[in-house]
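Contents: one structure, followed by commentary.
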Amino acid sequence: MDLLSGEADGAAPAVVQVLLPVALDKTYSYLAPPDLRLVPGSIVTVPLGTRKLIGAVWAFGDPAGVPLKKLKPVLGVHDAPALGDPLRTLVDWVARYTLTPRGMVLRMVLRVPEALAPEPAVPGVRRAGPAPERLTDARRRVLARLEDGFAWTRTGLAAAAGTSPGVVDGLVTAGTLEVVALPPGPPVHPPDPDFNARALTPDQVRAADELRRAAGEGFSVTLLEGVTGAGKTDVYLEAVAEALRRGRQVLILVPEIALTRAFLERFSERFGANPAEWHSDVPPKQRMRVWRGVAEGRVPVVVGARSALFLPFADLGVIVVDEEHDAAYKQEEHATYHARDMAVVRGRLEEAAVVLSSATPSLETRANVERGRYRRLVLPARATGAALPEIALIDMRRAGPEKGRFLAPGLIAAVRRTVEKGEQALLFLNRRGFAPLTLCRACGHRFQCDNCSTWLVDHRFRGTLSCHHCGHTVRRPESCPACGALDSLVACGPGVERIAEEAAAVFPDKRIIVLSSDMLGGIQRLRAELQVIAEGGCDIVIGTQIVAKGHTFPKLTLVGVVDADLGLSHGDPRAAERTFQLLVQVTGRAGRLGGEGMSPGFGILQTFAPEHPVMAALVSRDPERFYATEMEERRAASMPPFGRLAAVIVSGTDRPATEDHARALARAAPMAEGIEVLGPADAPLALVRGRHRLRLLVQSGRESDLSAYLRAWLAAAPPARGSLAVQVDVDPQSFL
DNA sequence: AGCACGCCGACT
DNA sequence: GTCGGCGTGCTC
């Protein structure tokens, strides 16, 4: 795209196209006062209706020919670097791909209003006049500190002179000192690429060499694959080091804020300084510094959640996507995009090297490797002793527990052997609370959420029934609200609390800790419990997904998965992949001390489907086997990555109106070769936070441009009115 | 997105 | 009589 096309000639007033961070796809035309030096990407303030908004200059001229009298002038330019070509192209690209108005994508770039005001200069003081008449001791010490001629901060100077800031203020009043603006400090200490280069294994060295080369060669995508503990981080930090040596910036995406802590330590060990952080919990002042620092090229490395993808890097050389398979990279709110894929797009636009790191890569990424689009580097396990754990299955149909119990005798025996050796066992169940469903034995009443189509989960520790979707909570009643029967309520199915109860009954003298995200006492309590576990003050850990990543359990040697089939049952195209990834991750928490360093521990999976490819792959400790069969399945079903899937989601407060609109939309779907629209008849109607939701699934056997199809469809479809809303997800990660 | 302008129900 | 609900439409 030629951004300079249609530049105003000679006498005609200069007009610029400005993109605004509102739900508009179009740019608006504004008069450009000649004294403002505008360039493409300039961040400007303009009037819109009654409001003043911050937007960005997207182009010059006025191809649409808006009548001159309608045009208002640009009010001012911000003292911040203009958004670069690659970032502006990224905004256009993401908007087009996700069918989101460009303004809403720009919003993700400009979501830092504080950053756009010039950073308030730190007030400093320096010597400006003669010594005061009354020269006290404290005053003498202050003046002595200023002999060097530099300006000091008020508080810094007072502290250095061993006195209070009041003394400094007094000298300012006396005219001895003056207040001056100090230049803002650098937002982060620069990392040193050669600070603490680790000794790498020969395999790591080979991989690191490849990545270093990639970091110097413009755009490429490399999958870095290796089991937990194989040293992927050490390897990709060498690509980071290379980018730093070349003076280019680095973005490291991590799936969750909670995981950044451990990573930051790792980083500062290697580079002697912390990277800048970017996620929703970074306080406003620091956000401002990071945003500006990134734009001005003064921040060399950012570690952040998916929103960091839209930071205005001045010269981005390397993008790392850590745990690239993680579902947290899919953004569902506002614009729906997949940060891993958009990172690849940004890498292409910025001429950067993209590194995708994972022990269990997504099928999308593996398919791109097979097609020759991405390179693949495998870190073999043998180098560090890391490998997949030994896995055994318990066939719950033959060797399961008695009715009403959830731990099979085989699993109990294994836990007993483990704890009696003084080691720890983990019982993993990805379900919070005591039981996922409560029903009345007398009348069959099931406790359901008022706002959502979900069961209320029994939280016995708290004495409540809660919806995990919207948070709706009621006290656990004594009698059935439908038939009034007393003592007729039964809990169906297990949650971690119930497993804890069962484990306590089986192992009355063992120390048991339950870890889940809804734990009473919050994050501090969680940290404390983790500390207890690390110190060996616990025999059996019972946990949800929260134990699957991040934390390390040094004394853990056995992982028992209470329900390995959980998550396989939905008609989700990625169910098998997700389950495989989760089970590899959680069983990988087990290790065994001995020889040189850790070696893998044991995993026991309770399953009703021992012949399922996921279980078979885990038992054989051969992930390639899983990838091969799953690839074939997906290919046969034309599911991603061999076909495209999209969802048109209709939601509304009125159920019949929502269904009607979904039907009307489905009727309006154009016929197209190889594209099929499913629903609304086959699509379940869900109630989510008080709104009815229906999905129309759009499936394409080929990798055709579904976006174009969807655009054409929705342009011709009846418009949504009232509370009805239509949302498009061009790459849904589940059917739910 | 946000804001004004609009047209219908209960009240300082 | 107004205050205020949120449905509709526009913003250079």
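The values are calculated or read from the model by the stated rules, or taken from the named source; none is laboratory data. Remember, predicted model here, so these are calculated numbers, not experimental data. Ideal geometry is used to build each Cβ from the backbone, glycine not excepted, and the neighbour counts take in all protein chains shown. Side chains are part of the model used for accessible areas, which takes the heavy atoms of the whole protein and leaves out ligands, DNA and RNA. Shrake-Rupley method; radii C 1.70, N 1.55, O 1.52, S 1.80 Å.
Quick check on region A:305-315. Is at least one of its residues farther than 13 Å from A:Val254 by Cβ and part of a strand (DSSP E or B)?
No.
The rows are residues; the columns are (1) open to solvent by less than 20 Å² (accessible area, probe 1.4 Å); (2) within 26 Å of A:Phe580 (Cβ to Cβ).
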| position | (1), (2) |
| --- | --- |
| A:Arg625 | no, yes |
| A:Gly643 | yes, yes |
| A:Ala647 | yes, yes |
| A:Pro680 | no, no |
| A:Leu687 | no, no |
| A:Arg691 | no, no |
| A:Arg695 | no, yes |
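Among the residues of region A:347-363, are any touching a Leu at 6+ places or on another chain (Cβ under 7 Å), open to solvent by 10 Å² or more (accessible area, probe 1.4 Å) and closer than 29 Å to A:Ser307 by Cα? Break it down stepwise before answering.
From region A:347-363, those touching a Leu at 6+ places or on another chain (Cβ under 7 Å) are A:349-350, A:352, A:355-357, A:361; that's our starting set.
Filter once more, so that each one left must be open to solvent by 10 Å² or more (accessible area, probe 1.4 Å): A:349-350.
Add one more test, that the residue is closer than 29 Å to A:Ser307 by Cα, and what stays is A:349-350.
So far as region A:347-363 goes, yes, one or more of its residues are touching a Leu at 6+ places or on another chain (Cβ under 7 Å), open to solvent by 10 Å² or more (accessible area, probe 1.4 Å) and closer than 29 Å to A:Ser307 by Cα.
Just to be sure I understand, how many residues within region A:524-551 are closer than 16 Å to A:Ala425 by Cβ and surrounded by fewer than 18 Cβ atoms within 10 Å (Cβ to Cβ)?
4
From (1) outside any helix (DSSP H, G or I); (2) free of Cβ contacts under 8 Å to residues at least 40 places away in the same chain, pick out the condition that doesn't hold for A:Thr629.
Every condition holds for A:Thr629 apart from (1).
Out of A:Leu583, A:Leu568, report the one residue that is in contact with a Ser or Thr (Cβ under 6 Å, 6 or more places away or on another chain) and free of Cβ contacts under 8 Å to residues at least 60 places away in the same chain.
Sole residue among the options that is in contact with a Ser or Thr (Cβ under 6 Å, 6 or more places away or on another chain) and free of Cβ contacts under 8 Å to residues at least 60 places away in the same chain: A:Leu568.
Sort out which residues of region A:507-522 are open to solvent by 40 Å² or more (accessible area, probe 1.4 Å) and at pLDDT 95 or above, and write them in order of number. Give the derivation first.
Looking only at region A:507-522, we keep the residues that are open to solvent by 40 Å² or more (accessible area, probe 1.4 Å), and these are A:508-512, A:517, A:520-521.
Across region A:507-522, the qualifying residues are A:Pro508, A:Asp509, A:Lys510, A:Arg511, A:Ile512.
Of all residues in region A:39-89, which are hydroxyl-bearing (Ser, Thr, Tyr), in contact with a Leu (Cβ under 7 Å, 6 or more places away or on another chain) and free of Cβ contacts under 8 Å to residues at least 40 places away in the same chain? Don't jump to the end; show me each part of the working.
Taking region A:39-89 as the starting set, the residues that turn out to be hydroxyl-bearing (Ser, Thr, Tyr) are A:42, A:45, A:50, A:89.
From the residues that got through so far, the ones that are in contact with a Leu (Cβ under 7 Å, 6 or more places away or on another chain) too are A:45, A:89.
Answer for region A:39-89, where residues must be hydroxyl-bearing (Ser, Thr, Tyr), in contact with a Leu (Cβ under 7 Å, 6 or more places away or on another chain) and free of Cβ contacts under 8 Å to residues at least 40 places away in the same chain: just A:Thr45.
Answer yes if at least one residue in region A:288-302 is under 18 Å from the mean Cα position of the chain (by Cα) and modelled with pLDDT of 95 or more, and no otherwise. Steps first, answer last, please.
Applying the first criterion (under 18 Å from the mean Cα position of the chain (by Cα)) to region A:288-302 yields A:301-302.
Okay, now just the ones that are also modelled with pLDDT of 95 or more, so A:301-302.
For region A:288-302, residues under 18 Å from the mean Cα position of the chain (by Cα) and modelled with pLDDT of 95 or more: present.
Closer than 30 Å to A:Ala617 by Cα and open to solvent by 10 Å² or more (accessible area, probe 1.4 Å), is that true of A:Glu502?
Numbers: closer than 30 Å to A:Ala617 by Cα: yes; open to solvent by 10 Å² or more (accessible area, probe 1.4 Å): yes.
Yes; evaluated as a whole, the condition is true for this residue.
I'd like the full set of residues that are surrounded by 16 or more Cβ atoms within 10 Å (Cβ to Cβ) and either assigned to a helix (DSSP H, G or I) or outside the structural domain of A:Leu687 (by TED's automatic domain parsing) (or both), limited to region A:649-662.
Applying the first criterion (surrounded by 16 or more Cβ atoms within 10 Å (Cβ to Cβ)) to region A:649-662 yields A:649-652, A:657-662.
The answer is A:Ala657, A:Thr658, A:Glu659, A:Asp660, A:His661, A:Ala662.
Report whether or not A:Leu665 is within 26 Å of A:Ala95 (Cβ to Cβ) and part of a strand (DSSP E or B).
So A:Leu665 does not fit the description; no.
How many residues does region A:52-85 hold that are closer than 22 Å to A:Ala343 by Cβ, surrounded by fewer than 20 Cβ atoms within 10 Å (Cβ to Cβ) and in contact with a Lys or Arg (Cβ under 9 Å, 6 or more places away or on another chain)? Before the answer, list the steps.
Of the residues in region A:52-85, the ones closer than 22 Å to A:Ala343 by Cβ are A:56, A:81, A:83-85.
Checking the rest, the ones that are also surrounded by fewer than 20 Cβ atoms within 10 Å (Cβ to Cβ) come to A:81, A:84-85.
Still in the running and in contact with a Lys or Arg (Cβ under 9 Å, 6 or more places away or on another chain): A:81.
Of the residues in region A:52-85, 1 are closer than 22 Å to A:Ala343 by Cβ, surrounded by fewer than 20 Cβ atoms within 10 Å (Cβ to Cβ) and in contact with a Lys or Arg (Cβ under 9 Å, 6 or more places away or on another chain).
Mind checking which helices (runs of 4 or more DSSP H) fall wholly inside region A:52-160 and carry at least 1 residues that are within 24 Å of A:Arg346 (Cβ to Cβ) and away from DNA strand C (no atom under 16 Å from the Cβ)?
Values: elements: A:85-98, A:102-109, A:113-116, A:137-145, A:154-160.
The qualifying helices (runs of 4 or more DSSP H) are A:85-98, A:102-109, A:113-116.
Can you tell me which residues in region A:16-46 are near DNA strand C (Cβ under 9 Å from one of its atoms) and surrounded by 20 or more Cβ atoms within 10 Å (Cβ to Cβ)?
Of all residues in region A:16-46, those near DNA strand C (Cβ under 9 Å from one of its atoms) come to A:17-18, A:20, A:22-24, A:26-31, A:46.
Matches in region A:16-46: A:Gln17, A:Val18, A:Leu20, A:Thr27, A:Tyr28, A:Ser29, A:Tyr30, A:Val46.
Could you tell me which numbered condition A:Pro610 fails, if it satisfies all but one of (1) open to solvent by 30 Å² or more (accessible area, probe 1.4 Å); (2) under 26 Å from the mean Cα position of the chain (by Cα)?
Unmet for A:Pro610, out of (1) open to solvent by 30 Å² or more (accessible area, probe 1.4 Å); (2) under 26 Å from the mean Cα position of the chain (by Cα): (2).
Yes or no, residue by residue, for (1) part of a loop (DSSP other than H, G, I, E, B); (2) of a type outside the set (Lys, Arg):
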{"position": "A:Ala343", "(1), (2)": "no, yes"}
{"position": "A:Val354", "(1), (2)": "no, yes"}
{"position": "A:Arg366", "(1), (2)": "no, no"}
{"position": "A:Leu377", "(1), (2)": "no, yes"}
{"position": "A:Glu402", "(1), (2)": "yes, yes"}
{"position": "A:Arg416", "(1), (2)": "no, no"}
{"position": "A:Val419", "(1), (2)": "no, yes"}
{"position": "A:Ala425", "(1), (2)": "no, yes"}
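Checking A:Gly49 against (1) of a type outside the set (Phe, Trp, Tyr); (2) away from DNA strand C (no atom under 11 Å from the Cβ); (3) open to solvent by 40 Å² or more (accessible area, probe 1.4 Å), which test does it fail?
(2)
In the set A:Ala343, A:Ala383, A:Ala353, A:Ala392, which member is touching a helix residue (DSSP H, G or I) at 6+ places or on another chain (Cβ under 8 Å) and at pLDDT below 95?
So the residue among A:Ala343, A:Ala383, A:Ala353, A:Ala392 that is touching a helix residue (DSSP H, G or I) at 6+ places or on another chain (Cβ under 8 Å) and at pLDDT below 95 is A:Ala383.
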